[in-house]
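Single-structure report; data block below.
The values are calculated or read from the model by the stated rules, or taken from the named source; none is laboratory data. The shown structure was predicted, so the numbers you read here are calculated from the model rather than taken from an experiment. Using ideal geometry, Cβ is built from the backbone for each residue, glycine included, and neighbour counts are taken over all protein chains shown.
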Amino acid sequence: MLKKLPEPTTEHPIGYDLLRNPRLNKGTAFTEAERRAWGLEGLLPPATLPIELQVARRRDEIAKLDDDLQKYLVLSDLQARNETLYYAVLMSDPATYMPIVYTPTVGEACQKFGHIFREPRGIYLPISARGRLKELLGNWPEKDVRFIVVTDGERILGLGDLGAGGMGIPLGKLALYTACAGVPPQYCLPIVLDVGTNNQALLDDDLYLGMRHERLRGADYLAFVDEFVEAVQQLYPKCCIQWEDFANFNAVPILARYRDEICTFNDDVQGTAGIALAGIFAALRLTKQKLVDQRFLFLGAGSAATGIAELISLAMAREGMDLAAARSRNALFDINGLVVTSRTDLADFQKPFAKDVTPVSTFVEAVRALRPTGIIGVSTVPKLFNREVIQAMAEINERPIIFPYSNPTSRSECTAEEAYRWSDGRAVFASGSPFPAVEIAGRRFVPGQGNNVYIFPAMGMAVFATEATHVTEEMFIVAAKAVAEQVTEENLAVGLIYPPQSRILDVSLHVAERIATYIFDQGLARVSRPQEIGALIRSCVYRPVYAG
Ligand code: NAI
């Protein structure tokens, strides 16, 4: 006869069930009284350690490893065992742990997903469950989900199609929502929409864990995404959906389809534009100029370039400029030269930025012809901001803005050292990938990294605290301004135009407060306006301390 399964209980788990519950587990920090009350005596070694010592132990273990993927796994196992301690470690030194739980290490974790798989986390929605997505989502143990990061795994960082292995991205990104802005982890849900993969190496790998067929495309794909959105709306009506690492040809239409309907945003498109605009606002504090007096020339005319150019244009329009005039201050230069109206190869999203001028085929000629105050590299091609380009920018401008944003470091359009050296130390510099500090003629320059992490966790916290109905473009302009405000005079003195990552929680809470204020002002909140919005934000912040 089959043994009867125990009835589910809502009581506090005891014994091993408690030690196996990552949200309640305190490991060696359980006190003697707790051990007695919850049947833990004998199951743990006798000593009781404070969380500070537990954090020190894990930090020490991680520091001794010389392989980043191993560090990732130590942290990932810790998350599965003791969530409070996991966040206590991350939040003890975000600048050190962010590159392990997110880029660049998470890329390798996604590539090797099937080979390093341990504890399941998040929800997998395979195309084979079409018609039953609500049922699968209902298996998630939390009933009040406020934040979903979802990917279909098709364009994972710069690594391409990693299928179900893309789950590492929502997992890592949500860890940053908590570690960098205090969004409580119990409200966060990582999801993969598994519609197959076109990555042959994965299809041939016995350990691949996703659907083993080609990607679904077209109307069926969109219907699947529709079913997902509908199911989320029904189960979690206060939930914000953040789309992540979809291929461009899906990301843009998906965002357009839902942005006015539900609370949603795409960090690759909108967060990127926000962080670039933040860099510009801070750069203007150094150059003492106005945004409406700037002219930007982009190297690259893809999704990053057009997304940034559009947000800059909207920000210029917000400062009183006509939108068409604002767009004309943002010029694009791609693989076929300057984006001009006479070109016949332009996509619709590039046309608003096409200039009615004679075609120009080299970037330095474009610099000389358009006399930009800033150049922004989003071409994926290294070294194109060469000495001639930087020197031309330095001839035209007292303080030329030079932002090589292509990632990773090997793709950067120039290095920090090149920009400072070739401009005689006058460049206002920031890059997509980090560069070390540079010393030239006895002067020290600290380059900033335009990392979206200054924007998206704060956006998440503001939306969570206010239960916002929508995420608008304006909210990214507000966020950009709030990030730039956090750059201190000391930072500016060494050329640093983004706040140091070590201050990320404080910075994010300030940014969240600004965004939340805007949400209340615009009537987009679903909670009533408090007297002090900062206090509301602080009251929502997750702190990694054990429950009493
Ligand atoms: P994309 O593929 O959509 O666009 C690339 C553009 O560069 C295309 O317009 C192409 O014509 C142009 N291009 C290629 N070779 C060129 C050449 N030799 N000369 C002039 N133009 C050339 O790529 P996407 O998504 O726009 O990303 C571009 C880069 O920006 C990537 O390296 C990405 O990592 C980086 N990026 C950085 C971010 C950050 O630091 N926060 C955020 C988003 C993107």
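List of remarks:
- Residue selected from region 501-548 under the condition modelled with pLDDT under 95 and exposed (fewer than 12 other Cβ atoms within 10 Å of the Cβ), by the criterion nearest to MET475 (Cα to Cα): ALA547
- Tally, over region 396-419, of residues that are touching a helix residue (DSSP H, G or I) at 6+ places or on another chain (Cβ under 9 Å) and over 19 Å from ASN451 (Cβ atoms): 6
- Among (1) under 24 Å from ARG526 (Cβ atoms); (2) surrounded by 16 or more Cβ atoms within 10 Å (Cβ to Cβ) - the single one ASP226 does not satisfy: (2)
Condition check ((1) over 17 Å from CYS240 (Cα atoms); (2) within 16 Å of the ligand (Cβ to nearest atom)) across all residues:
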| site | (1), (2) |
| --- | --- |
| PRO126 | yes, no |
| ARG130 | yes, no |
| GLU154 | yes, yes |
| PRO170 | no, no |
| TYR177 | no, no |
| CYS188 | no, no |
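Results for (1) surrounded by 24 or more Cβ atoms within 10 Å (Cβ to Cβ); (2) out of contact with any Leu (no Cβ under 9 Å at 6 or more places or on another chain); (3) among the hydrophobic types (A, V, I, L, M, F, W, C), shown as yes or no for each residue.
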position	(1), (2), (3)
ILE116	no, no, yes
ARG121	no, no, no
LYS134	no, no, no
LYS143	no, no, no
PHE147	yes, no, yes
LEU171	no, yes, yes
ALA175	yes, no, yes
ALA179	yes, no, yes
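- Single residue of region 263-279 satisfying the filter (in contact with a strand residue (DSSP E or B) (Cβ under 7 Å, 6 or more places away or on another chain) and over 15 Å from GLU154 (Cβ atoms)) that is nearest to the ligand (Cβ to nearest atom): ALA276
- Residues of region 290-320 that are free of Cβ contacts under 8 Å to residues at least 40 places away in the same chain and within 16 Å of the ligand (Cβ to nearest atom): GLY307, ILE312.
- Residues being farther than 15 Å from GLY158 by Cβ and either within 12 Å of the ligand (Cβ to nearest atom) or not β-branched (Val, Ile, Thr) (or both) - total across region 378-398: 14
- Residue pairs meeting the criteria (Cβ under 6 Å; at least 6 apart or on separate chains; first among the β-branched types (Val, Ile, Thr), in region 273-289; second more than 15 Å from the ligand (Cβ to nearest atom)): THR287/ARG399
- Test: residue in region 321-332 that is more than 16 Å from the ligand (Cβ to nearest atom), of a type in the set (Gly, Ala, Ser), surrounded by 17 or more Cβ atoms within 10 Å (Cβ to Cβ) and touching a residue at least 40 places away in the same chain (Cβ under 8 Å): no
- In the set (1) surrounded by fewer than 19 Cβ atoms within 10 Å (Cβ to Cβ); (2) in a helix (DSSP H, G or I); (3) not acidic (Asp, Glu), THR84 fails one condition alone, (1).
- Spans of helices (runs of 4 or more DSSP H) in region 105-224 with at least 3 residues of a type outside the set (Phe, Trp, Tyr) and over 25 Å from the mean Cα position of the chain (by Cα): 133-137, 200-203
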